[in-house]
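Please read the structure below before turning to the comments.
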Amino acid sequence: MAQPFPYTYYSCDCYDSKVAAAPTKHASQGIPPAEDEDERDFDPRSPGANYSLYPLEHLLYCEDCQQIRCPRCVVEETLNWYCPSCLFEVPSSVVKTDGNRCTRNCYNCPVCSSPAVVTTLEDPFDPSSSGGPWLLLCTYCKWTSLEIGIEFEKHTGITAQLARLGNGGRTIPSHKEREKERERRLELDKHKSRDILSGSEDSPTTDKRDDGPPSHDDIYANLSAFYKSQLAAQQPSNPFSPHDINFSSPSSFSRIMNLYSSSTSKKQKREKPTPMREAASPLEGLTLHSPSTDTAIIDRLKTSGWSRTLSPAQKLAQMTPTVRFTSDLRPLASILCTKRGKRCRSCRHILSKPESKITSTRYKIKLLARNHIPRLSLRALHTSTSASASATAAAAAILPFNYDSLRPGLPIHFLLHISNPLFDPVRVTLATPSLTPGRVHTRVTILCPQFDVGANTDVWDDALSGSTDTAAGGLKRFSASGEGGAGRGTEGSGGAVEAGKIWERGRNWTSVVLEVVPGKDGKA
């Protein structure tokens, strides 16, 4: 979680700060592009900086490149798929065919998206009761599948039963039954067209299934069959050959020999395939707008009321995009989740890899930037310059500092805390412009720009070294060079802020003082 104000953000190297300006601009100013790239500094106030500044907790670290890696610098790879409800791992080979959803008895409520449970109709709120019929119950909003007229004969195989049941208890035909019905209707249309052309008075009887508009599944099945027939007509006899060649024909062998013959230098022009036509009938997936459908929906809205309509979130969650009323809702199968690993985009080094076990939240590999990069934090420094201000300092230690009460022209001291997570000491050099860029020019002064931060050793080593110093004559105070044991300020200074001195130091951390003078608009 990111720190509250004042916070510290870190800039990633993937930020495109070394992009040179246009060549015409360099030519007019007489500046070589390479020098301009090297001398250009990172501007945290530029619009592009919003995509390169991150809290330290959101960054990873690549040990091979020795650079921090932000979410744009990593490549994610999916390790496994699993259902968040039943925690069952799904093979990757069936994820695409199942629509990235669980095929077990895991369903969500279509009203509030909470997990739904399978219970009996005898006592829906008593899971221990046995006996059918069965239904889906939402334990949060108390929605049941009975509201849409769906009951199940068994408490297992809910997906297969739901695929055969429609709202209101009607039976949904299977894919094979749809194909047979489509072929039967095509034959009827052919006979009807022949009778019309021949002028015969005999016509086939009207089919009772033609009454009413086709469902969304029927339209999809007709359109899918139409495009499959079109692709089969355009596909060559050999699907691995770019040419329409029939290998059983004698002329095909001569055409193949001409392709590899060196005597013929002129290449034969390939014929363009015949363009595919569009759907022209309802049996081919063509849907025409009917004003009577809109009239029926408006009448139903007047009768049912606005409370029976779906919200935008509920409508988008449904598999059928044409649903509008609560009676058209369908239970939603749980969407699968994934466990993902992260790699460095430059060297493909593994940065993060969770354990393959679904119920485990541990990581096999997790290279966090906070374990390799020093952490910087900033806060206001409460100091008292006289003995009469002791009561004010005690009250300020209790009450938090109000950062909104900064006044222009009045200096305020901040404490910059640097902690070292490494097992080796580091040398820190700080630099900042004397006046901050932007609309308000603020003067910032670092009282101690160079200092050392100790290694992140064992805490018992620090305790033993502290006991040795105490036995030798008490804790040492910081000297002008910043060396010595743990302490604050300088000896005899009473904790006053001085230039060139470290404010406080610990085992693997050091604090220095910054003096900030807020400015006005356009003034220092």
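Quick rundown of the values:
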read-out: Distance violations [Cα-Cα > 22 Å] among Lys190/Lys228; Lys96/Lys364; Lys228/Lys272; value: Lys96/Lys364
read-out: Difference of contour (0.36 nm per residue) and Cα-Cα distance, Asp13 to Lys366; value: 125.1 nm
read-out: Probe 1.4 Å - accessible area at Tyr227, Å² to nearest ten; value: 90
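The values are calculated or read from the model by the stated rules, or taken from the named source; none is laboratory data. This one's a predicted model, so the numbers in the text were calculated from it and none came from an experiment. What goes into the accessible areas is simple: the full protein's heavy atoms, side chains included, and nothing from ligands, DNA or RNA. Shrake-Rupley method; radii C 1.70, N 1.55, O 1.52, S 1.80 Å.
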